[in-house]
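Notes to accompany the following structure.
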Amino acid sequence: MTAADPNNRSPNPAAAPYVGAAGVFGAAQSQWALPDWLTYVECLHPVGIDMTLARTREVAQRLALQFEVPVVMVAGTNGKGSTCAMLEAIALRAGYRVGLYSKPHLVHFEERCRLQGQMVEPEALLPHFEAVQAARGAITLTYFEFTTLAIMRLLSLAPLDLVILEVGLGGRLDAVNIIDADVSIITSIDLDHTEYLGPDRESIGREKAHIMRSGRSAVVSDPMPPASVLEHAQALGTDLWLAGRDFSHGGDRQQWQWRGRSRRYHALAYPALRGANQLINAAGVLAAFEALADRLPINAQAVREGLALVELPGRFQIVPGQPVLVLDVAHNPHAVATLAVNLDQMGFYPRTFAVFGAMRDKDLAQVVRPLLPLVTRWHVCGLPTPRAATVQELQQHLQGADVMGHANPHQALQAAVSEADPADRILVFGSFWTVGGVTAQGLPRLGSAHGR
């Protein structure tokens, strides 16, 4: 569909004002704040996900959207956020001006757009929302398509040296894929969003492989990529960088090293991001920089400093306190299996309390399975989105476990804190909504009731 159906119930401000949470949306759109725009664009399209590029590409052409600087695009099931954060941190330490589009956000929408390592101000996004609205005419856009175009327009007009774009769902029909990236990175591939991407790794890999471009470089961080990824790269004539063939890494408990096609890095400190898979992500990042070396050279000091300083909230984020708090947005079986390994490597804790909220469309039985031996008591909670599983649905997947239900993540966390001893551990996981729900008022600093 490239134009709005005349019978479409989506609001069209050119035809009539739209009454939403922020009031009447009429002609004075230049006076809207960011929350007004976000409320409005949620209602433009009859469905939340419409897998096509035609409408987004048409509006992008009307906007004359293009990038004059190198673009790195990152797709995959898990590890995308970490990969983008490391790309950004290293390039910043090398002295480059960097723009980043990542998703979803934990608390504030503007977290999705960063310039020079800083979240943009809401007001900076407003002219780009207005531009997309003016350019789309009768074309209906989903929330993701509209906001993606607005953020990419901001990045395209900013004085930058590098743009990093994180793909959302899939790759082939993701709105970000209207851009031809100079280097593509595909992180680990596993089962998620199977209703859109296919039932197995081969199908999902095929969808994600479509971010590759003919004659350009593509880095595959997954050490065991689906054959469909390799076949698509070969058919395109992509310059494919494979883990174990074109780049590799190794190390011990103290340091690690990386080897590429023509570059080597020795005695590297481990990335500041915690987790068993972060070296896999970091190795792919260094391969991408080697592929861009003629346009964006990076020195060893920038690599060391960037990896040492990189930050990414909600990815195995350990918050010191009594009890210790672990925040992780892991929400599919592969990511939670990695989370379980990371938790096991933390050391001994007498008890672990889990705060858990998740989407109904996830394989919840497989999501919770790796953590069943580690969690003493589950505090499951509802989330403020129609996609979320109810407390009762979560409890059904935890039959036989010690489970308590709560209305929201904040209440669940408070209940866990009230039960925990100072030496215990609290884990918050299952969704961006879950982690965002406990960090909305800032990063919690815990002191157990028993400790006080």
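The values are calculated or read from the model by the stated rules, or taken from the named source; none is laboratory data. Worth saying up front: this structure is predicted, and the values here are computed from it rather than measured. Cβ coordinates were reconstructed from backbone atoms using ideal geometry, including for glycine residues, and neighbour counts include every protein chain displayed.
Among the residues of region 57-80, which ones are in contact with a strand residue (DSSP E or B) (Cβ under 7 Å, 6 or more places away or on another chain) and either at negative phi or among the aromatic types (Phe, Trp, Tyr) (or both)?
67, 69, 70, 71, 72, 73, 74, 75, 77, 78, 80
Take residue 222 and decide whether it is modelled with pLDDT under 95, among the acidic types (Asp, Glu) and in contact with a strand residue (DSSP E or B) (Cβ under 8 Å, 6 or more places away or on another chain).
Judged against the criteria, residue 222 is a match.
Could you identify the single residue in 383, 374 that is modelled with pLDDT of 95 or more and in contact with an Asp or Glu (Cβ under 9 Å, 6 or more places away or on another chain)?
The unique qualifying residue is 374.
Checking residue 141 against (1) within 22 Å of residue 89 (Cβ to Cβ); (2) outside any helix (DSSP H, G or I), only one condition comes out false. Which one?
The one condition residue 141 does not meet is (1).
Name the pairs: first residue in region 370-388 and within 19 Å of residue 408 (Cα to Cα), second residue of a type in the set (S, T, N, Q) and crowded, with 20+ Cβ neighbours inside 10 Å, Cβ to Cβ under 8 Å, at least 6 apart or on different chains?
381/434; 383/431; 383/434; 388/431
Name every residue in region 68-94 that is surrounded by fewer than 24 Cβ atoms within 10 Å (Cβ to Cβ), part of a helix (DSSP H, G or I) and not hydrophobic (A, V, I, L, M, F, W, C), in order of residue number.
80, 81, 93
Kindly provide the set of residues from region 396-448 that are farther than 17 Å from residue 371 by Cα, outside any helix (DSSP H, G or I) and free of Cβ contacts under 8 Å to residues at least 60 places away in the same chain, ordered by number.
Across region 396-448, the qualifying residues are 405, 406, 407, 408, 441, 442.
Out of the residues in region 267-314 that are closer than 15 Å to residue 186 by Cα and of a type in the set (S, T, N, Q), which is modelled with the lowest pLDDT?
277
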